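Only one structure is covered here, and it is reproduced in the block below.
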Amino acid sequence: MSTIAEQILDGSGLVLGTCYYPEHWPKKMWAEDLDRMLASGIEVIRIAEFAWSKVEPEEGRFTYEFFDEFLDVADEKGMKVIFCTPTATPPAWLTEKYPEALNARMDGVLLRHGARRHYNYNSPVYQELSARITGKFAEHYGSRKCVIGWQIDNELNCEVNEFYSESDTVAFREFLKEKYRTIDALNAAWGTAFWNQTYSSWKEVYVPRTTISNSTNPHEVLDYTRFISASARRFAKMQSDIIRCYLKPGDFITTNGLFGNLDNHAMTRESLDFITYDSYPNFAYCLDAYSDAPKEMRDRKWSRNLTEVRSISPIFGIMEQQSGANGWNTRMEAPTPRPGQMTLWTMQSIAHGADYVSYFRWRTCTMGTEIYWHGILDYSGRENRRIREVRQIREKLDGMREVAGARYEAEVGVLKDYDNIWDAQLDVWHQRVDRTSQKALFEAAQRTHTPLDYVYLTADTTAEELGKYKVLIYPHMTIVTEAQAEILKAYVAEGGVLVIGCRSGYKNVNGQCVTDYLPGLLRELTGADIPEYSFIAPDAGKVTVDWDGTRMEAETFADLLEPLEGAHLEAKYTSDYYAGAGTLVSNTYGKGTAYYYGSAFNEASATVFLEKLGVISPYSELVEVPECCEIAVRTKGDARFLFILNYDKAQAEILLRQEGLDLYTQNKVSGRKTLDGYGTMVIRF
Ligand code: GAL
């Protein structure tokens with residue numbers, strides 16, 4: 001039997017955990033709490049991520065007794081522990097003595113002690129003190145039997161992911177010098193000839209500062225975002241390198257994400273064994289966001305986030321999983337999960353690849369900002385419905401241990417890359433088309449039960465990795481590099497089907513527009529020429545499109561296309577002045593086909609694409625479920641594990657067209673079944 005750390009690491013078990021704060025509770029509660037957790041199927045706790053002062057109450061004075069005493073109890077009870085480095089919350093003594101460790105607003109105002117994550121990654125003194133406390137924690141606690149892994153910091157780049165301290169400017173200059181070598185090269189990359197922004201020396205360069213209309217040079221902001229990501233990664237790597245010096249064989253290092261302005265893929269590759277995610281689907285029921293999404297898509301949006309996580313670590317963990325009502329005392333209000341929803345959201349995480357699920361938190365805190373962020377237990381710790389549900393979840397997981405390590409299956413991939421994500425953050429044209437398309441593709445895939453992956457193009461991506469997808473869609477690939485164009489060509493040449501949406505290929509790696517005929521570096525592959533383009537005018541009404549007899553509506557933007565020689569015009573606009581111009585061009589390239597679609601996607605057109613490209617509803621011969629249900633399949637060897645998740649509070653009728661084994665009951669199942677409101681099933685075929 002593998003250890004818990006191994007089960008989490010290599011996917012040989014499904015493990016439950018919870019977040020525990022020994023510093024929030026009287027010591028006499030510890031033993032009883034751990035006993036109750038273990039009796040409820042919780043085998044791991046995460047501790048200490050905000051507890052720097054417990055070990056270093058004043059600068060340079062280290063006292064380990066508090067957690068030693070706690071770990072004695074954990075060891076005695078057989079509870080396993082994920083220990084954290086405490087750098088997300090620098091102590092008051094630290095920021096008082098070294099205010100340069102603080103983050104600042106863009107206008108220079110320092111973000112003071114009193115909340116959390118108020119530090120910056122580039123302050124030399126903060127780096128030094130963080131390295132020291134990380135080393136002390138790892139050296140002292142890392143050898144304890146109960147410790148099985150480490151979490152670095154807490155939610156890097158959460159709360160705030162922009163940094164404007166003086167240390168950041170100093171480090172930004174170094175980053176730029178290393179990248180550009182000369183100030184002239186920087187001027188060229190940032191296009192500083194525009195509006196007389198030319199720099200004559202490095203000391204004139206700052207992190208973005210408050211400007212008129214807040215319209216900072218976009219090429220500068222793109223580099224600044226890359227710099228923030230590099231700073232966070234370096235901070236994580238510094239800690240990871242230190243922890244690894246003390247790590248017991250078999251123990252792991254992780255951190256909990258995912259937040260913006262951070263290349264989580266690179267960070268994971270460099271510093272972690274796998275990534276964990278904090279999943280709070282109850283945000284969908286927050287009173288101020290409640291009306292945002294169609295009913296059947298609300299908390300399913302977290303499947304989109306989980307798809308992001310899976311693109312980083314195919315098997316991952318959930319470090320914080322919703323287990324109660326949400327709320328800070330200053331913002332957010334969401335109700336308690338209804339009966340069944342904790343199970344639903346746990347299974348949602350597992351369906352997407354989580355083999356470790358840890359609930360936030362054991363007991364609801366009685367003090368501070370998060371008094372309304374409920375854990376499994378309420379303030380008193382009395383027995384309640386949610387802990388009973390945790391026990392039922394554990395029973396379900398006992399029947400489905402073999403799911404651990406199985407991989408999520410998808411034939412369709414949506415391509416992404418960080419430069420494009422970061423360049424788009426400032427770009428209102430891009431956001432309008434991209435947000436629309438991303439939502440449409442996700443919702444079309446969900447509604448038609450077509451699993452999809454997000455696939456990040458990185459410097460290491462190979463055509464072979466892409467080749468596992470029948471269809472890849474890059475909705476709007478604004479920036480295209482030669483290397484990216486080559487890899488896409490190689491994917492299509494080997495038989496892949498690639499769909500590129502409008503507004504693609506018009507920027508270079510600095511975010512400057514190219515003077516090539518559009519779509520620039522994608523022209524040869526897609527066989528498309530774009531002599532004209534525009535947002536669809538607000539008074540144009542619905543702009544219709546005919547794709548070989550199938551009627552669709554263009555969305556938000558219209559590239560007016562012509563096929564290059566050898567390419568084929570698949571669809572045309574049929575209304576307004578766009579009528580007669582090309583909407584979709586296909587091009588045979590090697591053994592595959594590339595499509596250029598001159599518009600953004602809406603749910604209907606996204607569905608047409610999935611259908612026409614032959615990848616829609618791949619499990620329709622296995623199961624029929626209504627729209628309110630998500631399905632996901634994880635596979636391992638010959639075994640296929642089908643998850644059916646009902647997000648509706650009403651019952652759902654499903655039809656199993658083949659006989660399988662219901663892993664909750666260990667009974668054979670087939671035919672018509674009724675799933676309860678928020679009900680789930682996991683069936684092995
Ligand atoms: C997470 C964070 C936790 C807690 C929770 C609820 O983002 O990691 O420490 O704050 O949210 O707000």
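Every number here is computed from the coordinates shown, using simple stated rules; none is lab data. Bear in mind that the values here come from a model prediction, so they are computed numbers and not experimental data. Cβ placement follows ideal geometry from the backbone for every residue including glycine, while neighbour counts extend to all protein chains displayed.
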Residues Lys295 and Asp576, FRET efficiency given R0 of 45 Å [Cβ-Cβ distance, rounded to 0.05]: 0.85
Nitroxide proxy distance, nm - points 7 Å out along Cα→Cβ at Lys27 and Asn196: 6.9
Dipole of the range 149-234 [Lys/Arg +1, Asp/Glu -1 at C-beta], most positive-end residue of Asn161, Ile212, Leu186: Leu186
Footprinting exposure proxy for Phe70, Phe137 (fewest neighbouring C-beta atoms within 10 Å first): Phe70, Phe137
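Could you sort out which of Lys28/Lys54; Lys295/Lys572; Lys439/Lys572 sit more than 26 Å apart by Cα distance in this structure?
Lys295/Lys572
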Integer Hz, Karplus 6.51/-1.76/1.60 couplings in order for the range 487-495, x for Gly and Pro: 5, 5, 4, 4, 4, 5, 4, 7, x
Label zone at Val428, where the point sits 7 Å out along the Cα-to-Cβ direction: the range 208-222 residues whose backbone N lies under 12 Å: 214-215
Table column - 3J(HN,Hα) (Hz), the range 670-683, Karplus curve with 6.51, -1.76, 1.60, x for Gly and Pro: 6, x, 7, 9, 10, 9, 4, x, 6, x, 9, 9, 10, 10
Relative contact order, percent, the range 1-90 [alpha-carbon distance under 8 Å, six or more residues apart]: 32
For His476, distant residues with modelled amide H under 5 Å away: Gly501
Mean-position separation - Cα centroids, the range 467-523 and the range 140-188, in angstrom: 30
Rg ratio (alpha-carbon, reference 2.2 N^0.38 Å) - the range 13-56: 1.27
Table column - 3J(HN,Hα) (Hz), the range 551-562, Karplus curve with 6.51, -1.76, 1.60, x for Gly and Pro: 8, 9, 10, 5, 10, 6, 9, 9, 7, 9, 9, 10
Considering only the chain, percent of DSSP beta bridges that pair antiparallel, nearest 5: 55
Cα→Cβ-extended label distance, 7 Å offset, between Asp72 and Lys248, nm: 1.8
Estimated 222 nm signal from helices in the chain, with DSSP H stretches of n ≥ 4 weighted -39500 (n - 2.57), rounded to 500: -9500 deg cm²/dmol
Nearby lysines by direct alpha-carbon distance to Lys668 (threshold 19 angstrom, same-chain neighbours under 8 apart not counted): Lys396
Part-to-part distance (alpha-carbon centres) for the range 101-125 and the range 308-369, which is given in Å: 28
28 Å Cα-Cα threshold exceeded, pairs from Lys301/Lys468; Lys612/Lys649; Lys27/Lys301: Lys612/Lys649; Lys27/Lys301
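Based on other C-beta atoms within 10 Å, arrange Glu69, Glu56 from fewest to most.
Placing the least packed residue first, the sequence is Glu69, Glu56.
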Residues of the range 418-432 with amide N under 13 Å of a point placed 7 Å along Cα→Cβ from Val514: none
Spatially proximal aspartates and glutamates relative to Lys542 (Cα-Cα < 16 Å; intrachain offsets below 8 disregarded): Glu553, Glu555, Asp559, Asp576, Glu603
The range 139-199: chymotrypsin sites (Phe, Trp or Tyr not before Pro) falling in loop per DSSP and having at most 16 other Cβ within 10 Å: Tyr199
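Taking a cut-off of 50 Å, what percent of all Cα-Cα pairs in the chain are separated by more than that?
Roughly 14 percent, once rounded to a whole number.
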Contact order relative to length of the chain, as percent, for alpha carbon pairs under 8 angstrom and 6 or more apart: 11
Modelled FRET efficiency - R0 25 Å, Lys145 with Arg116, Cβ distances, 0.05 increments: 0.25
Amide H partners (placed H, <5 Å) of Asp453, local residues excluded: Val412, Gly413, Val414
Centre separation in Å (Cα based) which lies between the range 598-630 and the range 24-98: 48
